[in-house]
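See below for the structure under consideration.
Rule-based calculations on the coordinates, nothing more; no lab input. Since we're looking at a predicted model, the values are computed, not measured. Positions of Cβ are backbone-derived with ideal geometry, glycine not excepted, and every protein chain shown enters the neighbour counts.
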Amino acid sequence: MGTGAHEVESSRSVRPGDRLEPLGMEGTQKLSDLFINRKVPRHLRTWVPLLCDNGGSEDGERILWVVGQRRSRHAPVARETSQVVLFEAETIL
């Protein structure tokens, strides 16, 4: 899936019901389950930024990266990838 160019359209915080299509997995995963599996403390979950593009079906938005946690299968870095954008995230809490 997706080795084409993706533009990050927005960054935002987590919303109830958010889902990710994780790289290396079939289907989707609820972010709440991802955070539980990765043992992210409940009080920090709303602070985890998301990078999104406009390739989604519902509101036009698709999560590409749950920063510091998991990437989407829609924007992998592969052998054919010619350009990448570097985002750096720093823990502030």
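For the reader, a short list of remarks on this structure follows.
- Put simply, the amide H of Glu9, placed in the peptide plane, has neighbours under 5 Å in Cys52, Asp53, Asn54, leaving out anything fewer than 5 places away on its chain.
- Projected label points at Ser32 and Val84, each 7 Å from Cα along the beta carbon direction, are separated by 3.4 nanometres.
- Among (1) 32, 14, 10; (2) 19, 16, 11; (3) 21, 15, 13, the entry derived from the coordinates for semi-axes √(5λ) of the Cα gyration tensor in Å: (3)
- 3J(HN,Hα) along segment 27-41: x, 10, 9, 5, 4, 4, 5, 4, 5, 5, 4, 8, 6, 7, x Hz, from the Karplus curve 6.51 cos²θ - 1.76 cosθ + 1.60 with θ = phi - 60°, whole Hz, x for Gly and Pro.
- Total formal charge among the other residues, if their Cβ is under 11 angstrom from that of Leu20, Lys/Arg +1 and Asp/Glu -1: +3
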